[in-house]
Amino acid sequence: MKKSLSFVSKSVAALAMLSTLPAFAGTATYSGALCTSVSGFHSPTVFRSGRLLNSNANTLEVVCPIQRNVAVPSLNESLSVSVTALDPHLTENVCCTATVAEKDGTSLASSSACSSWGADTANHNSFSINLPSVFANINGYVSLRCVLPGQYTSGSSTYASVLASFVVTE
């Protein structure tokens, strides 16, 4: 009986340690409203629907939080991000960069992509960012940085760039 209790105790301790690690790999959807402005002298407009708008004439750069999911025990991460945005600008694009980094900020892998569908004032579209599999320390992190062009004016109408959501798959 004592051996059984010892085994159970050790198993519970091992499971408790594993529970402190990030969750197993999966897919998560995030609202654009979670992103924080890191450039410019204005704040984005955030709607209750979760969309983030650049309602200013200047370019806006935002950083978006991502919950890191690690598959145990290899800790290798393959990351893809699908960004849904509204890009009404004729000459500029919504562009995002995804990065896997160590806890000190050292980048292990980084990749960028931009909206490439041309000016569209009515429809949200998506573009994808794919990162190669890398070994990241358990205390590392994943981030998404996006640049939204300033408002675009056509005739008497003004249109804002929008970061609606992003889907992260690890």
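The values are calculated or read from the model by the stated rules, or taken from the named source; none is laboratory data. No experiment lies behind these values; they were computed from the predicted model shown. For neighbour counting, all protein chains shown are included, and Cβ atoms are generated from backbone atoms with ideal geometry for every residue, glycine included. Please note that ligands, DNA and RNA were not included when accessible areas were found on the heavy atoms of the full protein model with its side chains. Shrake-Rupley method; radii C 1.70, N 1.55, O 1.52, S 1.80 Å.
For a quick protection proxy, order the peptides 88-95, 129-136 by their average other-Cβ count within 10 Å, most packed first.
Descending packing order for the listed peptides: 88-95, 129-136.
Which order do peptides 103-116, 52-65 fall in by mean Cβ count within 10 Å, highest first?
52-65, 103-116
Mind checking the full-extension length gain between S154 and S55? Use 0.36 nm per residue of separation minus the Cα-Cα distance, one decimal, nm.
Contour length minus Cα-Cα distance gives 34.2 nm.
In Å², what does the accessible area per residue of segment 28-169 work out to with a 1.4 Å probe?
So segment 28-169 comes to 47 Å² accessible per residue, rounded to a whole number.
Starting from 0.36 nm per residue, how many nanometres of slack lie between W117 and Q67 once their C-alpha separation is accounted for?
Taking 0.36 nm per residue and subtracting the Cα distance, the gain is 15.1 nm.
Within segment 28-169, what whole-number % of the accessible surface is contributed by carbon and sulfur, with the 1.4 Å probe and all protein chains included in the calculation?
That fraction is 49 percent.
What's the center-to-center distance, using Cα atoms, between segment 112-154 and segment 29-72 in Å?
Between the Cα centres of segment 112-154 and segment 29-72 lies a distance of 11 Å.
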